[in-house]
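Trainee: Questions regarding the structure given below will be posed in turn.
The values are calculated or read from the model by the stated rules, or taken from the named source; none is laboratory data. Predicted, not measured: the structure shown is a model, and the values here were computed from it. Cβ: placed from backbone, ideal geometry, glycine included. Neighbour counts: every protein chain shown. Accessible surface is based on the protein model in full, side chains and every heavy atom, while ligands, DNA and RNA are left aside. Shrake-Rupley method; radii C 1.70, N 1.55, O 1.52, S 1.80 Å.
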Amino acid sequence: REVSFNELPIYLNIGPQRYTVSLSGRAKKPRLHFSFQRWSFGPCFLSREGVPSASHELTVVNNEVTNIELDCNFQSQPHLTIEHQATVLAPGESIQYPIKFFPQEIRKYRDEVLFEVNGSYKVPVIIAGEGVPIRLALLKESDKLVNLGEIRSGQQSVRIIQLANLSRIAARFKLTVPEAVISRIKKLHGISDDKKDA
């Protein structure tokens, strides 16, 4: 929105003298485009090793015919980081701000990130999200211990174990065999990890 004024009278009384000054001017907010001013990551798994952080990118474009100064004073939090630095955008130039969300607790989050434009006014951007736990469970309690029975050389033994994802969102997982179990199996069958020269 543009605001203008023309020949606005200002009266100055200095001693016995009175002076009249006429002011004219025009002001408007710079045409600065934010790709969004509110973003929600939705439910995300609690931050832990092996769980990737949720990420998104904010793009800001200068649609003016003059340079625009842009700054962000947001301090990184344990659950939210934004890569930023003070910059001057030339006409038509854009800048990207990577945002990463890694919730630490089971709760909802809401942060207001302020961008300062030309040092005169601030543009708020709201970042929201929620921390949720990973909940995977066996459909049968008896599957906690699986007995493959006696297997002869060259034979196979197959057991089907059913898992249920009780989390609020989709979960990716990988089944691994602990090194201690692998070492025990190798020991029982006389398999050595040592490499011998031929």
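Trainee: When the residues of region 51-71 are narrowed to those that are open to solvent by 80 Å² or more (accessible area, probe 1.4 Å) and not polar (S, T, N, Q), which ends up farthest from R31 (Cα to Cα)?
Mentor: So, considering only residues that are open to solvent by 80 Å² or more (accessible area, probe 1.4 Å) and not polar (S, T, N, Q), the one farthest from R31 (Cα to Cα) is P52.
Trainee: Next up: Which condition from (1) touching a residue at least 60 places away in the same chain (Cβ under 8 Å); (2) in contact with a His (Cβ under 8 Å, 6 or more places away or on another chain) is the one that R168 breaks?
Mentor: Here R168 meets the rest and fails (2).
Trainee: Could you check region 93-122 and list, in sequence order, the residues that are open to solvent by 60 Å² or more (accessible area, probe 1.4 Å) and either modelled with pLDDT under 95 or of a type outside the set (A, V, I, L, M) (or both)?
Mentor: E93, Q96, K100, Q104, E105, R107, K108, R110, E112, N118, S120, K122
Trainee: I'm told L138 meets every condition in (1) on the phi > 0 side of the Ramachandran plot; (2) open to solvent by less than 70 Å² (accessible area, probe 1.4 Å) except one. Can you identify the failing condition by its number?
Mentor: L138 satisfies every listed condition except (1).
Trainee: Can you say whether E130 is in contact (Cβ under 8 Å) with a residue 60 or more places away in the chain and open to solvent by less than 60 Å² (accessible area, probe 1.4 Å), as far as the supplied structure shows?
Mentor: Yes, satisfied.
Trainee: How many residues does region 168-190 contain that are open to solvent by 80 Å² or more (accessible area, probe 1.4 Å) and in contact with a Pro (Cβ under 7 Å, 6 or more places away or on another chain)?
Mentor: Total satisfying the criteria: 1.
Trainee: For region 32-50, give me each residue that is loosely packed, with under 15 Cβ neighbours inside 10 Å and assigned to a loop (DSSP other than H, G, I, E, B).
Mentor: F36, Q37, R48, E49, G50
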